[in-house]
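Everything below concerns the one structure shown next.
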Amino acid sequence: MKVRPSPAFFVAVLALVLAGAGAGFAAGQITSAQIKDNTVRSQDIANRTIVGKDVKKASLGSQVLNRSCKQTAVKVFGQCVDKVASGPTNQSYVQAVNACSVRGGRLPSLGELRFIATNVPGITWADGQSNQYEFTGTFTTAAPNTPIAIDQSYNPFDDAGTQSFWYRCLIAP
C-alpha cells in the first residue's frame with residue numbers, strides 16, 4: 001500500500017518555505033539608513049553580536065565599563081568575594097543561597113572557599129575565629145545529598161543544611 005501525501009501537507013510545507021524566505025528577505029532589506037537614531041533597544045539586538053569595535057569610544061560611560069569590586073569585596077576567580085562573611089544569626093543554608101542570589105551571586109564551591117581561606121589577603125574568616133564554619137555551594141556525594149560547610153582548617157560539616165553558619169557570596173563585578 002502506497003501512502004500519498006494529502007493536499008494539506010503540501011500547503012503546510014509551502015507555508016513554511018514562504019515564511020522562512022520572507023523573514024530572510026526582510027532582514028536583508030533593512031539598512032542602517034532606514035533606522036531612526038536612538039530607536040534600537042537592547043532587546044532588539046541578538047546576544048553576542050555587538051563587539052568592542054562596534055561601540056564608539058566613551059559612549060557607554062564609565063559606570064557600564066567599571067568591572068571592579070566594591071570596597072567590601074576583593075576580586076578572586078574573576079568574581080568579587082565578600083571580605084567579611086555574613087551571618088550566622090538565623091541564616092540557614094537556603095537563606096544564605098537566597099541572600100547571594102538576590103545580589104546576583106552564589107556561594108563559593110568547596111574548592112573556591114578553601115583557596116579563599118588560605119590565599120586571599122584581606123579576608124576575615126567567619127567572625128574572626130578559624131573554628132567557625134562557612135557554607136559552601138558544594139553538596140555531599142552520598143545520599144541524601146546535603147550542603148557542606150567548612151572551618152578555616154578545612155574540617156567539613158557534611159549536613160550543614162539545617163545549621164546557622166556564616167557565608168560569603170561570589171558576585172560578578
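Quick note: the coordinates plus some simple rules give every number you see, no bench work behind them. Since this is a predicted model, take the numbers as computed values, not measurements. A quick note on method: Cβ atoms are made from the backbone with ideal geometry, for glycine too, and the neighbour counts reach across all protein chains shown.
Dipole magnitude for the range 73-171: about 360 debye, using +1 per Lys or Arg Cβ and -1 per Asp or Glu Cβ, origin at the Cα centre.
Could you work out the relative contact order of the range 73-171? I mean the mean sequence separation of Cα pairs under 8 Å and 6+ apart, divided by the number of residues, in percent. Relative CO of the range 73-171 lands at 39 percent. Backbone geometry of the range 130-142 corresponds, through the Karplus equation with coefficients 6.51, -1.76 and 1.60 at θ = phi - 60°, to 3J(HN,Hα) couplings of 5, 8, 7, 9, 10, 5, 10, x, 9, 10, 5, 8, 8 Hz, x marking Gly and Pro. Sequence-distant contacts, meaning Cα pairs under 8 Å at least 6 residues apart, place the relative contact order of the chain at 24 percent. The orientation-averaged projection of the convex hull spanning the C-alpha atoms of the range 111-163 amounts to 3.6 square nanometres. Look at the dipole of the range 73-171 built from charges on Cβ: of GLY105, ASN145, THR124, the Cα furthest out on the positive end belongs to GLY105.
Dipole check for the chain: with +1 at the C-beta of Lys and Arg, -1 at the C-beta of Asp and Glu, and the Cα centre as origin, the magnitude is about 960 Debye.
Shape summary of the chain, radius of gyration then Dmax from alpha carbon positions: 26.4, 82 Å. Measuring spread by the Cα atoms of the range 73-171 yields a radius of gyration and Dmax of 12.1, 37 Å.
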